[in-house]
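These notes concern the structure reproduced below.
The values are calculated or read from the model by the stated rules, or taken from the named source; none is laboratory data. Model, not experiment: these values are computed from the prediction. Cβ placement follows ideal geometry from the backbone for every residue including glycine, while neighbour counts extend to all protein chains displayed.
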Amino acid sequence: MTQMKNFLVIGATGQIGSELTIELRKRYPKGNVVAGYIPGAKPHGELAQSGPSAIVDITNEQQIAEAVSRYSIDTIYNLAALLSAVAEAKPLLAWNIGIGGLFNVLEVAREMNCAVFTPSSIGVFGPDARKDKTPQDSVRNPLTMYGLTKVTGELLSDYYFRRYQVDTRAVRFPGLISYVAPPGGGTTDYAVDIFYSAIRGEKFVSPIAAGTFMDMMYMPDAIQAAIQLMEADPSRLKHRNTFNVTSMSFDPEIIFRQIKKYIPEFEMEYHVDPLRQRIAESWPDSLDDTCARDEWDWNPVYDLDAMTKDMIEKLKIKINHS
């Protein structure tokens, strides 16, 4: 911990936000980390009990400003978004949250001197990008509304840094695997669902075809990346919005065989979802994260085997106690 900060996590009850909020409260005084949520998604359990919370609808600029003022916020983690498959079904809502909401956050940050983290995604890349080890600076021509909002978000965040000196930073997350929060409608969610099926003794039906590789990351590494980047020396950052980060790449067959090492009776079959498959095929097979390693010392802890072992152990405990 380098200095005292006050954080607002917008989307604190979501897949990333729920774990990021708890981790920030471990590293900083609990009262300095505010869990922002929308009505109907109120924090509960440890998230509710370990620190303050506030209703913060990202589409309401006044609510954001009030929370920033009330809690003397200087760093905003903006995690509100619709994930890829859901965004295709609700494109206008995806735009209003992803871009209209980001604009609100950036305006508040400009007026109230806050740093802003807004995660981007592997989804910014389309079929024009190199499939293997996609470089940091590549053509971004996505086929989805989700990817379109993420590209626009990267450009808008860069604009606010150059034009108004708002300290904006971001990473391009790959698919995220977690045992804490359930999947939220992303193309890579099969890599979470497959573990639930294995632990429950069910045959897994993969919506993604064999041979379809996508970058993935275990959630503890994703949380570390988000915090580490915001704590990084700004003088070292050549790319702010945004950095490729990754830790592993696999297809359904590889993760299936990895799980079978620990649960030999596990079975899988395929029933490909055309929408998710189309999205997956438009994305890179793997990313080159050299810039993140060079500019702020990014280095993931979990590889495929370490993640699989930990995921099975933790998910067994969770399911057995539910």
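The table below gives the values:
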read-out	value
Residue that is surrounded by fewer than 19 Cβ atoms within 10 Å (Cβ to Cβ) and under 23 Å from Ala115 (Cα atoms), where the choices are Gln228, Gln277	Gln228
Selection count where residues are touching a Ser or Thr at 6+ places or on another chain (Cβ under 7 Å) and either among the aliphatic types (A, V, I, L, M) or modelled with pLDDT of 95 or more (or both), scope region 177-189	2
Answer from Glu295, Glu269 - the residue that is closer than 27 Å to Lys131 by Cα, outside the structural domain of Gln165 (by TED's automatic domain parsing), exposed (fewer than 14 other Cβ atoms within 10 Å of the Cβ) and in contact with a Lys or Arg (Cβ under 7 Å, 6 or more places away or on another chain)	Glu269
Out of Leu47, Leu20, Leu8, Leu24, sole residue that is under 30 Å from Arg276 (Cα atoms) and either crowded, with 24+ Cβ neighbours inside 10 Å or touching a residue at least 12 places away in the same chain (Cβ under 8 Å) (or both)	Leu20
Some residue of region 233-243 being outside any loop (DSSP other than H, G, I, E, B) and surrounded by 22 or more Cβ atoms within 10 Å (Cβ to Cβ)	yes
From the options Glu281, Glu295, residue that is more than 17 Å from Phe213 (Cα to Cα), under 21 Å from the mean Cα position of the chain (by Cα) and touching a residue at least 60 places away in the same chain (Cβ under 8 Å)	Glu295
Odd one out for Thr188 among (1) in contact with a strand residue (DSSP E or B) (Cβ under 6 Å, 6 or more places away or on another chain); (2) surrounded by fewer than 17 Cβ atoms within 10 Å (Cβ to Cβ)	(2)
Residues within region 90-108 that are touching a residue at least 60 places away in the same chain (Cβ under 8 Å) and β-branched (Val, Ile, Thr), tallied	1
Helices (runs of 4 or more DSSP H) fully within region 62-130 counting 3 or more residues that are at pLDDT 95 or above and closer than 24 Å to Ala225 by Cα	101-112
Index of the failed condition, Ile208 passing every other in (1) out of contact with any Cys (no Cβ under 7 Å at 6 or more places or on another chain); (2) in the same structural domain as Val139 (by TED's automatic domain parsing); (3) part of a loop (DSSP other than H, G, I, E, B)	(2)
Residue match in region 63-77 (condition: assigned by TED's automatic domain parsing to the domain that holds Asp233, farther than 21 Å from Arg240 by Cβ and among the basic types (Lys, Arg))	yes
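This table checks each residue for (1) within 21 Å of the chain's Cα centre (by Cα); (2) closer than 24 Å to Gly100 by Cα.
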residue	(1), (2)
Tyr146	yes, yes
Val180	yes, no
Gly186	yes, yes
Asp189	yes, no
Val192	yes, no
Phe195	yes, no
Ala210	no, no
Phe213	yes, no
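Matching residues to (1) touching a Ser or Thr at 6+ places or on another chain (Cβ under 7 Å); (2) over 13 Å from Phe243 (Cα atoms); (3) surrounded by 19 or more Cβ atoms within 10 Å (Cβ to Cβ):
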| residue | (1), (2), (3) |
| --- | --- |
| Glu111 | no, yes, no |
| Val124 | no, no, yes |
| Asp128 | no, yes, no |
| Val139 | no, yes, no |
| Tyr146 | yes, yes, yes |
| Thr149 | no, yes, yes |
| Tyr159 | no, yes, no |
